[in-house]
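Here the structure is laid out as structure tokens; the discussion comes afterwards.
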Amino acid sequence: MRIEAITLRELHMPLKHFFETSFGRTTSRRVLLVTVHCEGIEGWAECVAGEGPFFSYEWIETARATIRDFLAPALVGKEIAQAKDAAALMSKVRGHNMAKAALENALWDAEARQKQQPLWKLLGGTKTEIACGVSIGIQNSHDNLMNKIETELAAGYQRIKVKVKPGWDLEVVAKIRRRWPDILLSCDANSAYRPGDLDHLRKFDDFNLLMIEQPLWDDDIFQHAKLQRELKTSICLDESIRHARDAEQAIALGACRIINIKVGRVGGFTEAIAVHNFCQRHNIPVWCGGMLETGIGRAHNVALSTLPNFRLPGDVSASKRYWEEDIVDPEIEVSAQGTIPIKDAPGTGYELRKDLIARLTVRSEQC
Ligand code: OSB
Ligand code: MG
């Protein structure tokens, strides 16, 4: 595959409902789409960098600038045999995994289209359906949260994850458990706690949670290892896992019992598969995280989730939870059993709505 050019587009898409985590509230997304042009074939992907440097240091402006000034020049004009060869060409750039992932994943998309193969098969997937959960943000009131959970359970989702932070945590979780004693329930702190909160964090053990996600700093595996020894509840790491070596370190130190894989956070499908395989060999279950993606990133998450060690329901949920209108056709839909059936179609199995993409685009540039 010869990489002839790369197009960057920014789209503005308001969320149906704000999404709030311990680091802030998002009401509208700035979506960065990447298109690679390879000998008559286009590959598309979404950069999952956020509107600000809060989940990670990357945000949409650093991703765009890093792609334009460093990563695209490392790829354009090159001939690669497979999408997975792109990572080596971009390795001079330190970090900026979300920017790299957007490019690599667009090349995987192009490779799948060129080979007329389903992307999930190209990635090594084996499942014919995937299990879906939902991530529910911090709300304006407990009642609003309880109503949302009721709606999502009625829709069939297999696992509820709620965002927590000091002041929106134990009381909320206790209330959920009183009403729904048996559901699969987890929480995600996005680094809102400190080791000094140990006595407080121990109280999460009363609620039979599937996991507590990323309680401490994003850049500290050692402190999570100390915390995991003190908790019955399994820790799941999200922000802390940037590549397979982080997974190796976390597992060796006992810093978590579960890992959330986000393809953007680890720099692309190749590294996501490496994290998956390492966890599988060490009997650590993984699940697919989400970053409020449009259908383009979402379809890639669906494909990744077909790998065998994705053993827990992911944050891969229906388009209609986020968007009035998604930019793929059909939209991503979840069955009444809380699953997404996997299609045998070439590529992702979801077509692009190019007219809608054009209407939502606020800027574009060619690299
Ligand atoms: O920590 O998993 C997270 C969204 C934005 C940034 C970080 C996270 C999230 C989510 C949402 O939890 C998952 C989704 O529904 O896409
Ligand atoms: Mg998380």
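The values are calculated or read from the model by the stated rules, or taken from the named source; none is laboratory data. All values reported here derive from a predicted model rather than from experimental measurement. Every residue, glycine among them, receives a Cβ derived from its backbone with ideal geometry; neighbour counts consider all protein chains shown. For the accessible areas, the whole protein counts, side chains as well, though only heavy atoms, and no ligand, DNA or RNA atoms are used. Shrake-Rupley method; radii C 1.70, N 1.55, O 1.52, S 1.80 Å.
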Review point. Without any contact (Cβ under 8 Å) to a residue 40 or more places away in the chain, away from ligand 2 (no atom under 16 Å from the Cβ), assigned to a helix (DSSP H, G or I) and under 27 Å from VAL162 (Cβ atoms): does that describe HIS276?
Key: yes
Practice item. Would you mind listing the helices (runs of 4 or more DSSP H) fully within region 78-127 where at least 1 residues are more than 23 Å from PRO346 (Cβ to Cβ)? Key: 86-90, 97-115
Study note, to complete from the structure: Within region 18-51, residues closer than 24 Å to ARG321 by Cα, away from ligand 2 (no atom under 16 Å from the Cβ) and touching a residue at least 24 places away in the same chain (Cβ under 8 Å) come out as PHE18, ARG29, ARG30, VAL31, LEU32, LEU33, VAL34, TRP44, ALA45, GLU46, CYS47, GLU51
Revision key, fill the gap. When GLU51 is run through (1) under 16 Å from the mean Cα position of the chain (by Cα); (2) open to solvent by less than 40 Å² (accessible area, probe 1.4 Å); (3) not basic (Lys, Arg), the failure sits at (2)
Review point. Does ASN309 satisfy the criteria of being within 14 Å of ligand 1 (Cβ to nearest atom), of a type in the set (S, T, N, Q) and in contact (Cβ under 8 Å) with a residue 12 or more places away in the chain?
Key: no
Check your understanding: What number of residues within region 246-261 are open to solvent by 40 Å² or more (accessible area, probe 1.4 Å) and within 19 Å of the chain's Cα centre (by Cα)?
Key -> 1
Practice item. Provide a single number: the residues in region 151-193 that are farther than 18 Å from CYS236 by Cβ and of a type outside the set (Val, Ile, Thr). Key: 18
Check your understanding: Among the listed residues SER335, SER317, which satisfies the condition of being under 18 Å from ILE160 (Cβ atoms), open to solvent by 10 Å² or more (accessible area, probe 1.4 Å) and in contact (Cβ under 8 Å) with a residue 12 or more places away in the chain?
Key -> SER335
Review point. Within region 346-362, can you find the residues that are touching a helix residue (DSSP H, G or I) at 6+ places or on another chain (Cβ under 9 Å) and in a strand (DSSP E or B)?
Key: GLY347, LEU352
Review point. Hey, ASN260 hits all of (1) of a type outside the set (Asp, Glu); (2) assigned to a loop (DSSP other than H, G, I, E, B); (3) within 16 Å of ligand 2 (Cβ to nearest atom) but one; which does it fall short on?
Key: (2)
Exercise for review: Determine if region 176-194 includes at least one residue that is more than 16 Å from ligand 2 (Cβ to nearest atom) and open to solvent by less than 30 Å² (accessible area, probe 1.4 Å).
Suggested key: yes
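Search region 338-367 for residues being of a type in the set (Lys, Arg) and more than 12 Å from THR294 (Cβ to Cβ), and hand back the single one that is most open to solvent (accessible area, probe 1.4 Å). Spell out the reasoning first.
Here is the first cut: in region 338-367, the ones of a type in the set (Lys, Arg) are 343, 353-354, 359, 363.
Going one step further and asking which of them are more than 12 Å from THR294 (Cβ to Cβ), we end up with 343, 354, 359, 363.
Details: LYS343: 79, LYS354: 105, ARG359: 173, ARG363: 86 Å².
The extreme case among them is ARG359.
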Review point. Is at least one residue of region 159-169 open to solvent by less than 30 Å² (accessible area, probe 1.4 Å), β-branched (Val, Ile, Thr) and in a loop (DSSP other than H, G, I, E, B)?
Key: yes
Point to revise | Options ASP85, ASP109; residue that is in contact with a strand residue (DSSP E or B) (Cβ under 7 Å, 6 or more places away or on another chain) and of a type in the set (D, E, K, R) | key: ASP109
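For residues that are part of a loop (DSSP other than H, G, I, E, B) and more than 12 Å from ligand 1 (Cβ to nearest atom), scanning just region 285-306, find the one that is surrounded by the fewest Cβ atoms within 10 Å (Cβ to Cβ).
By that ranking, first place goes to PRO285.
Residue by residue through region 1-29, note down the ones that are over 30 Å from ILE212 (Cβ atoms) and assigned to a strand (DSSP E or B).
Here is the first cut: in region 1-29, the ones over 30 Å from ILE212 (Cβ atoms) are 1-14.
Within region 1-29, ARG2, ALA5, ILE6, THR7, LEU8, ARG9, GLU10, LEU11, HIS12, MET13, PRO14 meet the criteria.
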